[in-house]
Amino acid sequence: MSVERPNLIGVDVGGTFTDIVVRDERTRTMTVAKVPSTPADQSEGLMAGVDELAVGPATVSLLIHGTTVATNAVIERKGARCLLVTTRGFGDVLELGRRDRLSVFGLRGTGNPLIPRDRRIEVDERMRPDGRVEVPLDADALIAAVEPHMDGIEAVVVAFLHSYANPAHEDRAVEVLNQRWPDHYVIASARSLPTVGEFERTSTAVVHAYVQPMMARYLGSLADRVERAGYVRAPAVVQCNGGAMSLRHATERPANTVRSGPAAGVIAGTMIATAAGFPNAITGDMGGTSFDVALVVDGRPALSDEITVDFRVPLRVPTIDVETIGAGGGSLASIDAAGILQVGPQSAGAVPGPACYGRGGTRPTVTDADVVLGRISARRPIGGGHLELDPELSARAIDEHVASPLGISVEDAAEAIVHVIDSRMAGQVRMMSVGRGHDPREFVLVGFGGAGPLHTDAIIREVGIPRAIVPPLPGVTSAIGCLDADVMYDFLHSFRQRLDEIDMVEANKIVSEFLAEGRRLIETGGVPVVGTSVVVEGEMQLEGQRHTIRVALEEQLESSAMEQAFREQYRQRYGTGLDAPAFLTDLHCRVVGHRPTDVGSNTVPTAMSWDAAVIGARPAYFSGQWQDAAILERDLLTPGMTGHGPAIVQQDDTTTVIHPGTAVRVDGLRNLILEVTA
Amino acid sequence: MTLAVDPTTLAVVRGYMDEVVDEMDLVQVKAAFSSIVAEGNDRANGLFRVESGDTVAQGREGSPIFVAAMQYAVKAVVDWLQKIDRPWEPGDAYLLNDPFLGGTHLNDAKLVAPFFWEGEPLLLLANTGHWTDVGAAQAGAFSPTCRAIFEEGIRLPVMRFARGGEIDPEVLELIRANNRLPDMQEGDLRSQLNALEVGRRRLERLFDRYGAELVMACVSELDLRSERLMEDRIAAIPDGTYTASDHLDDDGISERPIHLQVAITVEGRGMTIDFEGTDPLCEGPMNLALPTTVSACYTSLKHTFPDIPINAGCFRPVTLRVPSGSVLAAEPPHAVGGYSDVAGHVIALISLALVQAVPEVAGAAAFQTGGVSVTSGQVDGHPFVATFPYGGGYGATYGSDGLIGGTNIIGMARFPSIEMTEHEFPILWDRFGIRENSGGAGRWRGGCGTEYTFTVETDVMLSILGEQATSPPQGVLGGEPGALNDVSYTVDGVWQRPAHGAKVPAVALHAGDKVRRCSPGGGGFGPPEERDPALVERDLALGYVSPSGAD
């Protein structure tokens, strides 16, 4: 922390809102802004929000941000027009995947590849599995084959068979493509993921290319704006592994930002829950379009090495395991052909938004239902002064599209909409806890996101979780996660060798090169860190097995220690061992640059009722009847205060609904702790 | 039920048991040595009642065709122990692969072990895994010309494989001695044991936490709820009788087609599936043992109503009538090695009958041939067996074109990575792509099949057991059928086609020879002239359909 530049800025660019948090590192005080996202150029809304907070650029040490720009582009198929160049005979690998289907049971549905068949070009070349050339690459023929298809193309992927064993053909192809089309992003599959498995490697490179042009434009525009405004450092970007990277690295590996916003939310949720004394938590982040759930056991978020972005769109990158469903404040309610109420996964998005926004949306959303039920105040909507809500428009939309078709009252229709969306979210929370063998009664739900605290109480009631945490600034939790994200760089080398046949001198050279590169990226990336650490892990198996287990290794590789670590973990996992030789497929290295963390001061709570924070009362609809709910101002709630529902807590970035039968206390970190009592 | 179960505990216990069986599935796959289990997912794990063998829970990622077959296999062990009056002992595991007891074919070996709690056996843990080799005349055992089970490999009745946690060395040696790949097989067998052990440990935690009485009360309640859910789904189908028929190409020996017929009668909350009119047992391997037929019926119903949890309860509202002596009720010593293709036909037939009653739910026929190809030989004195699953087109459904290049509907096999197969076997792929013009035309088009060619780099034996060379996947409600299965190969460089449709008995190929497979596409849904012209344009642009095919 520097005296001249005490401010850190965390930003989460979501599909609907852009959240901004400024933290003064001297006082740990935070100021927040929530502004509408600007899909055409996300950096515009972002900077408008930062300007609103009136932080002098000269006082800012760093801006770190997470974003759903890449995720949305893939899911909505709004990414770049790409070309895929493959080995002759294998252009369809991307579309066929592993010849599976959408789910084990059920035969409906079909795929939608990111690069359609008429933009997949096959060329003559072939490597053998050991890296020897079977058919040489003709670079002129490649250019000639690609040329007629380049009209309107923004990015090119080169994915040849066995390129992880010998990248020469891919590298050569990238070289000649770069010479001929110097302004295009061109990526080789083995440079994005140097491992065996043509489909997953191709798909990972394709996702990078598919999101690269828009991410490069967006990040470039952001860097420009930041520089012009007079910031001293380029912004940093959060990755799906929960760590930050430099903006330049993000432009080269843009798919690493897929799901980075949710990952930052999990980082923040984990820190909040742990600090509040709950090492086992489920984080539930409900925004405008989606609900993201993650599991935290013993203070550590569950991890994964692959994101299934969509059917037959795997992305192999180290990641925090976050499950997402289309359920948010903007989720649309409708009556289907069978006369059944459906809510989501379609969303009204930022434009036109819910009907009550008065921006031309006529179909009812979850937010409209919350307005009709008296849970969201029309005069104090999320986002502060940006919008004045019109409850009449909400009521009209619900009446026309739900209440009249079902022959029920507008209030009952609104409550039904909320109940349907709550059940869907509860189902996802159940999948993440019960579905993975954990008893939800041993967990706490951390409810955040702009729409989360409106529904957190209902979700824990349905799942059977006894309590929930609503953090002080729930509407901007992902942005807060960005503030504290460590810097992380991941590296991978494919060995595919028996442990006793590996040249350890060579292997240690590779590790030290990775670690040096990681440290260099941290040093030159412009994000201040207080120290670094490294993680070295091996993907290991018994020779002849197909799958691996990930084994933690020492930084200095040593054959017998690796063997022992593997055998021990194998026995732990599978109960018995086998005499077959140990085999190393891949080696992972991660360099972590630690950022200073401080969970904030824990005030000693005093026992007092929350009457001082009550600013009024209004009728709110619960279980089929209007009840008088206390209205509280979040800023006035201080540690130690206790109360109970029905109550509604208002603040700029969200609204917390407390149902009848729920007790609340404010803990020493100013979290609301909700406890179901009836 | 003696104990009231609160809804949260019921949900937790159910979720926990689902998690246990899912984890067993995962452990078996992760620890396996064969591609067919590790990537082909050709396995299943479950929990069963100790007294009846009834299914309590089955892994959600398990291969669908084992849906009911596992219950038969477990029941065979229960019956055997009763017959010889032997109690369950902790640490025991029983093994069988007899298809007449446990369904499918000899390659699918089942292990069954007891779960003890406070000295009592309360549940059974079981799994099945596909053995790459079973010591048949033909490596890998997908031979289309077997006339008896004895030609298809070693047949193991129920036998004690482990005692007190230790594998019986003599039984293990018996298996090794009858296998071309004894080390791989032993590794896979141990992965099956690993899965049972992990399941046992996880169950202990569940029982420790909730107590036996509460857990077993949940088991009974979940069974009832599954039954009611299945009844609700049946009640939503209009009452009536719906029929469908098809034929298999031949039995691999004669050229006579084999007729299959089904009539489904829905009456209120009950359903009867009757195969009266189906041809008698055939001479070759295209027969199904009864447990396989039952499994195929439930697989089809699960594909139609995917949300029903698998346990014995969901089997109860459906009555099956399978004529004895028919091709769907094989008795020993008939051969059953072609089970996967016959089961695929049974699954599609039921869907073709149901689509008349519920056109928005069921769909046109997907490809129904396992069409497994086995290539075997030696590299540097080491034997290898390369068994490849077969992908093809799925039937179109109301509102959606069919899936392109899907996995066999009886299973959930993922095709191994092309690169990995080239590491393992002396083959080099020339092409693996979408087969153009193979999806049945319709308002919604059937999915395209796939097309592949590989070259062998050493002398090998090739055998293929496939179907649908004469009877394609059917379209529905005016939709057209998908393309037929098309198999060819070279012998010393000269292209050949099999004498029997898509069935190739052991043929010797030499280094440089090629194998080419074009899989069927799925059937179309609704009249082709009702297809959105924009979609026709797109099909042409992407080459799913060629200009002549679009007419």
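A few points about this structure:
- Based on Cα contacts under 8 Å between residues 6+ apart, region B:69-117 shows a relative contact order of 43 percent.
- Chain A - percent relative contact order, Cα under 8 Å, separation 6 or more: 12
- Dipole magnitude of region A:63-158, debye to nearest 20 (Cβ charges: Lys/Arg +1, Asp/Glu -1, about Cα centre): 600
- Net charge over other residues, Cβ less than 12 angstrom from the Cβ of residue B:489 (K, R count +1; D, E count -1): +1
- In region B:189-285, the GluC sites (Glu not before Pro) that fall in loop regions by DSSP, at most 11 other Cβ within 10 Å: B:276
- Anisotropy class of chain B from Cα gyration tensor, a/c 1.5 cut: oblate
- Binned Cα-Cα distance frequencies in region B:30-88 - 10 Å width, integer %: 22, 40, 28, 10
- Normalised by residue number, the volume inside the convex hull of the Cα atoms of region B:164-300 is 185 Å³ per residue.
- Positive end of the dipole of the protein assembly as shown (Cβ unit charges, origin at the Cα centre): among B:314, A:406, B:259, the Cα lying farthest that way belongs to A:406.
- Normalised contact order of region A:142-235, rounded percent, pairs of Cα under 8 Å and 6 or more residues apart: 27
- Three-way shape call for region A:100-163 based on the alpha-carbon gyration tensor, with the a/c threshold at 1.5: oblate
- Dipole magnitude (debye, nearest 20) for region A:1-108, charges at Cβ of Lys, Arg, Asp, Glu: 640
- Projected label points at residue A:633 and residue A:58, each 7 Å from Cα along the beta carbon direction, are separated by 3.5 nanometres.
- For region A:249-315, the Kirkwood hydrodynamic radius comes to 13.2 Å, computed from all pairs of different C-alpha atoms.
- Going from the residue with the fewest nearby Cβ atoms within 10 Å to the one with the most, A:177, A:632 rank A:177, A:632.
- Convex hull per residue volume in Å³, alpha carbons only, for region B:349-437: 112
- Whole-percent P(r), region A:34-174, all Cα pairs, 5 Å bins from 0: 2, 8, 13, 14, 13, 11, 10, 10, 8, 6, 4, 2, 0.
- Full-extension gain in nm, residue B:499 to residue B:538, via 0.36 nm per residue minus C-alpha separation: 10.3 nm
- Residue pairs exceeding 28 angstrom between C-alpha atoms, taken from A:34/A:78; A:78/B:302; B:302/B:503; B:30/B:514; B:83/B:110; B:83/B:302: A:78/B:302; B:302/B:503; B:30/B:514; B:83/B:302.
- Cut-off 14 Å between beta-carbons: net charge of the residues surrounding residue A:324, Lys and Arg +1, Asp and Glu -1: -4
- DSSP bridge pairs, region B:414-551: antiparallel proportion in percent, nearest 5: 95
- Rounded Å value of the spacing that divides the Cα centres of region B:359-382 and region B:70-94: 33
- Ranked for footprinting exposure by Cβ neighbours inside 10 Å, fewest first, A:412, B:208, B:108 give B:208, A:412, B:108.
- Two-decimal Rg to Rh for the protein assembly as shown - Kirkwood Rh, Cα set: 0.96
- Rounded to the nearest 20 debye, dipole of the protein assembly as shown from Cβ charges on Lys, Arg, Asp, Glu: 1360
- Taking every DSSP bridge with both residues inside chain B, close to 95 percent are antiparallel.
- Footprinting exposure proxy ranking of B:407, B:145, A:365, B:453, fewest other C-beta atoms within 10 angstrom first, gives B:453, B:145, B:407, A:365.
- For the residues of A:433-441, the average number of beta carbons from a partner chain within 10 Å of their own beta carbon is 6.
- Reciprocal mean inverse distance between Cα atoms of region A:132-266 - Kirkwood radius, Å: 16.4
- When each of the peptides A:273-281, B:369-377 is scored by the mean number of other C-beta atoms lying within 10 Å of its residues, the order from highest to lowest reads B:369-377, A:273-281.
- The Rg/Rh ratio of region A:2-89, with both radii computed over alpha carbons and Rh defined as the Kirkwood radius, is 1.18.
- Listed residue (A:451, A:536, A:551) projecting farthest to the positive dipole end of chain A, Cβ model: A:451
- Share, in percent, of DSSP beta bridges within region B:219-367 that are antiparallel, nearest 5: 75
- Mean shadow area of region B:339-385, taken as a quarter of the surface of its Cα convex hull (nm²): 4.2
- Between the residues A:522, A:245, A:656, the greatest Cα displacement towards the positive end of the dipole of chain A, with unit charges on the Cβ of Lys, Arg, Asp and Glu, is found for A:656.
- Here region B:374-486 is treated as an ellipsoid with the same Cα gyration tensor; its semi-axes, largest first and in whole Å, are 32, 13, 11.
- Sum of side-chain charges, residue A:652 neighbourhood, beta-carbon under 10 Å (Lys, Arg +1; Asp, Glu -1): +1
- Cα-only radius of gyration and Dmax that characterise region A:289-337, units Å: 14.4, 46
- From the Kirkwood radius over Cα pairs of chain A, Stokes-Einstein at 37 °C and 0.692 mPa s returns a whole-number translational diffusion coefficient of 124 µm²/s.
- Estimated D of region A:583-678 in µm² per second, where Rh is the Kirkwood radius over Cα pairs and Stokes-Einstein applies at 10 °C, 1.306 mPa s: 101
- Within region A:472-518, none of the chymotrypsin sites (Phe, Trp or Tyr not before Pro) combine a DSSP coil assignment with at most 12 other C-beta atoms in a 10 angstrom radius.
Every read-out reported here was derived from the displayed coordinates using simple, explicitly stated rules and does not represent laboratory data. Just so it is clear, the model here is predicted, and its values are computed rather than measured. Note: ideal-geometry Cβ built from the backbone for every residue, glycine included; neighbour counts use all protein chains shown.
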